[in-house]
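Asker: Below: one structure in structure tokens.
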Amino acid sequence: MSIIDVLIVVLYILLTIGVGVWISKRASKGLDSYFLGGNSIKWYYLGLSNGSGMFDVAGTAWMVGILFLYGVKSFMFMWIWPIWNQIFVMVFLAAWIRRSNIMTGSEWILTRFGNDKAGRASHLIIAIFAIITSVGFIAYFFEGVGKFMSIILPWDMTLAFGNSVLLTSEQSYSLLIIFLTTIYTIKGGMFSVVATEVLQYGIMVLAGILVAGYAFFTISDAQITAIIPEEWKNIFFGTELTPFWDSKYQAFNDFIDTQGYKMFGAFIGMSLLKGFFASVAGPTPSYDMQRILSTRNVKEASYMSGFTNIILFIPRYLLIGGIVVIALVHIAPQMLTSITNNDLETILPKVVNFHVPVGIKGLLLAGLLAAFMSTFSAFVNSGPAYIVNDIYKKYFKPEASMKHYIHASYWASFAIVILGVIMGFFADSINGITLWITSALYGGYVAANFLKWVWWRFNGWGYFWGMLAGLLIATAQFILDINKANFTEGTWLYSLAHIPPIYLFPIFFVFSLLGCFLGTYLSKPTEMSVLVNFYKNIRPWGLWHPVYVQLKQEDSTAVKNTDFWKDMGNCVIGIVWQSSQILIPIFLLIRDYPKMWWSIAVFALTTAILKFTWLDVVKKYKD
């Protein structure tokens with residue numbers, strides 16, 4: 001690294017920590033200020049913060065790898081998260097969530113199931129899930145940032161004692177960056193997180209534009225045409241993913257065959273099945289839900305969610321597309337004989353290290369550090385809210401001072417970070433943690449959180465046992481995955497451990513659904529007064545007729561929500577709208593201008609439709 005690049009990175013780190021600590025005094029007024037910013041932060045700042053929080057370095061490295069290998073249709077791989085849950089949030093869930101006027105996702109559960117024994121059980125299990133999710137994501141960040149930094153930076157940070165290696169260079173870099181980020185996050189709470197994430201978003205956008213510009217102007221059309229097969233540019237697919245790389249790159253075709261996605265139609269079908277239920281289930285109790293709850297009112301919650309979708313994808317894919325174009329020209333020829341998951345995950349740092357000029361390299365490194373720090377800080381802010389507000393304050397120390405709870409939040413943050421780092425030490429790869437979080441952990445979350453919106457009879461014990469069943473089977477899958485090298489080939493355990501988690505989603509879903517139904521029908525319904533109050537405030541659609549009838553007796557002006565088909569139509573349009581934002585920068589950077597203009601036309605058309613079918617409706621919200 002040149003001295004210019006080093007200075008840019010150091011200046012960025014000092015600026016970020018300085019801003020975070022400087023603004024931290026505003027977080028000391030109480031838990032509401034610490035975790036929600038006192039509901040005083042403007043929606044567009046929260047939208048920038050939310051988008052910045054989703055722009056993580058480990059996810060970016062993973063997206064670079066799959067775009068490099070699978071081509072344009074790889075954007076559908078992200079449906080396993082599913083990324084378009086943000087569309088469902090924008091269209092209707094943001095309004096439903098914000099109407100509750102509470103602090104955390106698990107506290108929200110009490111408004112649905114009441115504060116009796118069943119309600120408290122459901123409240124406790126979602127708090128535990130939120131904590132486990134935060135720990136899992138911190139492990140994911142630990143794995144990603146270490147790989148990235150150890151390749152980029154020239155210093156060997158291996159820590160050894162005699163002949164024993166205590167910490168590898170990757171682990172040392174991860175610990176250092178996590179420590180620096182934890183300082184301002186814990187000190188400043190939501191105010192510091194939002195302020196630094198807005199700053200970090202600007203740096204990430206600048207880095208993306210510079211890298212895309214460098215790739216566009218230094219790599220010729222002929223170089224791109226010589227290496228990218230025509231099928232690489234095709235978003236359409238059949239039931240099977242047929243080999244499309246030239247025989248010169250046969251290693252790429254062979255590697256695709258080992259990844260478990262050859263039955264591409266089945267993979268996409270499973271992603272859509274899981275994606276629908278996961279999206280209606282709503283955001284997991286993490287940073288994006290905290291941003292919704294931090295908005296000033298229901299209208300601004302919807303604006304914020306829509307704004308997140310606008311500002312995230314084009315800048316991110318300018319960066320990803322630029323990196324991939326550079327990698328295809330300069331790095332792909334080095335992989336003619338073999339390719340591994342590690343090769344894919346290290347494409348991003350290799351491009352930054354060897355194929356980006358001085359100055360741009362420093363800004364790009366600062367931007368990718370910003371991507372890591374913004375997402376990491378978002379989880380460090382959201383996870384402790386559940387420990388302090390939903391467990392410690394509710395069950396152990398309900399009458400302490402605000403200062404005491406703020407200090408407890410500091411310790412809870414440290415505990416979340418430490419547990420995540422420990423889990424990161426046992427992770428094999430970014431891809432392994434990604435698949436566990438998206439398919440196994442979220443797979444166990446989906447059933448209970450889908451039913452809580454749409455079925456009046458679903459009660460607190462059904463939620464508790466459904467979530468517990470999901471957590472147990474997700475944990476079993478994680479244990480199988482980390483021990484798969486120890487199983488004998490040909491045994492059923494070996495076969496089960498090597499199935500991609502997305503294909504196991506129906507098992508996770510049915511197992512969790514069984515817990516939901518047994519818990520619900522073996523216990524009494526939630527008190528009708530609780531259900532009526534929930535239905536009156538939140539106003540969801542679904543199977544709520546008995547509750548609606550009761551509400552109508554109490555309030556003759558009550559109106560049933562009949563917007564299901566309108567909302568689903570907006571979601572379908574929104575998914576196409578979101579997908580076009582991903583495709584525009586990719587087609588631009590690979591010089592496929594006809595497809596780029598088609599993507600721009602689709603974006604313009606879907607934007608116009610959503611203006612009338614969604615935005616004009618949101619503008620009329622009164623609460």
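Asker: If you add up the charges near D221, with Lys and Arg at +1 and Asp and Glu at -1, over every other residue whose beta carbon is less than 15 angstrom from its beta carbon, what do you get?
Answerer: Values: positive: K233, R591, K595; negative: E230, D592.
Around D221, the surrounding residues sum to +1.
Asker: Would you mind getting the accessible area per residue of the chain, heavy atoms of the protein chains only, 1.4 Å probe, in Å²?
Answerer: Accessible surface, normalised per residue, equals 38 Å².
Asker: Another question about this same structure. With every protein chain present, what accessible area does S556 have (1.4 Å probe, heavy atoms only), rounded to the nearest 10 Å²?
Answerer: 90
Asker: Show me, for the stretch 394-407, the HN-Hα J-couplings you get by feeding each phi into the Karplus relation (A = 6.51, B = -1.76, C = 1.60, θ = phi - 60°), rounded to Hz, glycine and proline as x.
Answerer: Running phi through 6.51 cos²θ - 1.76 cosθ + 1.60 with θ = phi - 60° gives 6, 10, 10, 9, x, 10, 7, 6, 4, 4, 5, 5, 4, 5 Hz.
Asker: Same structure again: Sorting check: for 44-50, 545-551, which peptide has the highest mean count of neighbouring beta carbons within 10 Å, and how do the rest follow?
Answerer: On the way: 44-50: 24.4, 545-551: 16.0.
Packing order, densest peptide first, comes out as 44-50, 545-551.
Asker: Next up: What do the square roots of 5 times the Cα gyration tensor eigenvalues come to for the chain, in whole Å, largest first, as semi-axes of the equivalent ellipsoid? Show your work: numbers first, answer last.
Answerer: On the way: eigenvalues 286, 157, 130 Å².
Working from the Cα gyration tensor, I get semi-axes of 38, 28, 26 Å.
Asker: With θ set to phi - 60°, apply the Karplus curve 6.51 cos²θ - 1.76 cosθ + 1.60 along the stretch 568-581 and write out the HN-Hα couplings as whole Hz, x wherever there is a Gly or Pro.
Answerer: In residue order, the calculated couplings are 5, x, 5, 5, 4, 4, x, 5, 5, 4, 5, 4, 5, 5 Hz.
Asker: Additional query: Just want the answer: with Cβ charges of +1 for Lys and Arg and -1 for Asp and Glu, which residue in W108, W245, V10 is farthest toward the dipole's positive end in the chain?
Answerer: Ranked along the dipole, the leading option is W108.
Asker: In square angstrom, rounded to the nearest 10, how much accessible surface does T181 have for a 1.4 Å probe?
Answerer: Looks like 0 Å² after rounding.
Asker: Shifting gears a bit: With the dipole of the chain worked out from charges on the C-beta (+1 for Lys and Arg, -1 for Asp and Glu) around the Cα centre, which of I131, Y593, I347 lies farthest toward the positive end?
Answerer: I131
Asker: In whole percent, how big is the carbon plus sulfur part of the accessible area of the chain, probe 1.4 Å, protein atoms only? Show your work: numbers first, answer last.
Answerer: Details: 16070 of 23660 Å².
It is 68 percent, rounded to a whole number.
Asker: Here's something else I'd like to know. Using modelled amide H (1.01 Å from N, peptide plane; none on Pro or chain starts), what sits under 5 Å from the amide H of H498, excluding residues fewer than 5 places away?
Answerer: Close amide H contacts, sequence-distant or interchain: none at all.
Asker: R0 = 25 Å: FRET efficiency of I609 with F236, Cβ-based, nearest 0.05? Before the final figure, lay out the partial values.
Answerer: Numbers: r = 23 Å, r/R0 = 0.90.
It comes out at approximately 0.65.
Asker: Between E527 and V549, what is 0.36 nm times their sequence separation minus the Cα-Cα distance? Round to one decimal in nm.
Answerer: Working: separation 22, 0.36 × 22 = 7.92 nm, distance 1.48 nm.
Stretched fully, the E527-V549 segment lengthens by 6.4 nm.
Asker: Which far-off residues, 5 or more places away or on another chain, put their amide H under 5 Å from the one on Y621, with H placed in the peptide plane?
Answerer: Counting only residues 5 or more places away or on other chains, the set is empty.
Asker: Something else: Determine the distance separating the Cα centre of the stretch 529-580 from the Cα centre of the stretch 393-422; give it in Å without decimals.
Answerer: 36
Asker: While we're looking at this one, here's another question. To the nearest 20 Debye, how big is the dipole of the chain about its Cα centre, given +1 on the beta carbon of each Lys and Arg and -1 on that of each Asp and Glu? Intermediate values should be presented prior to the final figure.
Answerer: Numbers: 41 positive and 33 negative charges, 434 e Å.
With only Lys, Arg, Asp and Glu charged at Cβ, the dipole is about 2080 debye.
Asker: Give me the number: length gained by fully extending M568 to V6, i.e. 0.36 nm times residue separation minus the C-alpha to C-alpha distance, one decimal in nm. Write out the running numbers ahead of the final one.
Answerer: Values: separation 562, 0.36 × 562 = 202.32 nm, distance 4.89 nm.
Between M568 and V6, full extension yields 197.4 nm more.
Asker: Continuing with this model, one more query. Over 29 Å between Cα atoms: which of K394/K536; K452/K552; K117/K622; K73/K622 fall into that group? Could you put the intermediate results ahead of the total?
Answerer: On the way: K394/K536 26 Å; K452/K552 21 Å; K117/K622 35 Å; K73/K622 41 Å.
Exceeds cut-off: K117/K622; K73/K622.
Asker: When ranked by the protection proxy of mean other Cβ atoms within 10 Å per residue, highest first, what sequence do the peptides 274-283, 589-598 form?
Answerer: Values: 274-283: 22.8, 589-598: 16.8.
Going from most to least packed, we get 274-283, 589-598.
Asker: Among F450, W541, I87, pick out the residue whose Cα is farthest towards the positive end of the charge dipole of the chain, where Lys and Arg carry +1 and Asp and Glu carry -1 on C-beta, about the Cα centre.
Answerer: About the Cα centre, the residue reaching furthest to the positive side is W541.
Asker: Say the cut-off is 31 Å between C-alpha atoms; which of K361/K484; K560/K619; K361/K611 go over it? Mind dumping the intermediate values first?
Answerer: Values: K361/K484 38 Å; K560/K619 20 Å; K361/K611 39 Å.
Listed pairs above 31 Å: K361/K484; K361/K611.
Asker: For L518 and I479, FRET efficiency with R0 = 25 Å and r from the beta-carbon atoms, rounded to 0.05?
Answerer: On the way: r = 24 Å, r/R0 = 0.97.
According to the calculation, E is roughly 0.55.
Asker: List the residues whose amide H sits under 5 Å from the amide H of W455, counting only those 5 or more places along or on another chain, with H placed 1.01 Å from N in the peptide plane.
Answerer: For W455, whose amide H was placed from the backbone, the distant partners under 5 Å are L543.
Asker: Short version: ³J(HN,Hα) in whole Hz for each residue of the stretch 608-615, in order, from phi by Karplus 6.51 cos²θ - 1.76 cosθ + 1.60 (θ = phi - 60°), x for Gly and Pro, what are they?
Answerer: After applying 6.51 cos²θ - 1.76 cosθ + 1.60, I find 4, 4, 5, 4, 7, 8, 10, 4 Hz.
Asker: Oh, and also: Quote the FRET efficiency, to the nearest 0.05, computed for S556 versus A601 with a Förster distance R0 of 56 Å and r equal to the Cβ-Cβ distance. Could you put the intermediate results ahead of the total?
Answerer: Values: r = 48 Å, r/R0 = 0.86.
Approximately 0.70, to the nearest 0.05.
Asker: Applying a 10 Å radius around every beta-carbon, put 10-16, 94-100 in order of their mean neighbour count, most first. Please report the intermediate quantities before stating the final value.
Answerer: Working: 10-16: 16.3, 94-100: 23.6.
Per-residue mean Cβ counts within 10 Å order the peptides as 94-100, 10-16.
The values are calculated or read from the model by the stated rules, or taken from the named source; none is laboratory data. From a predicted model like this one, the values you see are computed outputs, not experimental measurements. Positions of Cβ are generated from backbone atoms using ideal geometry, with glycine treated the same way; all protein chains shown enter the neighbour counts. Note: areas computed on protein heavy atoms with side chains; ligands, DNA, RNA excluded. Shrake-Rupley method; radii C 1.70, N 1.55, O 1.52, S 1.80 Å.
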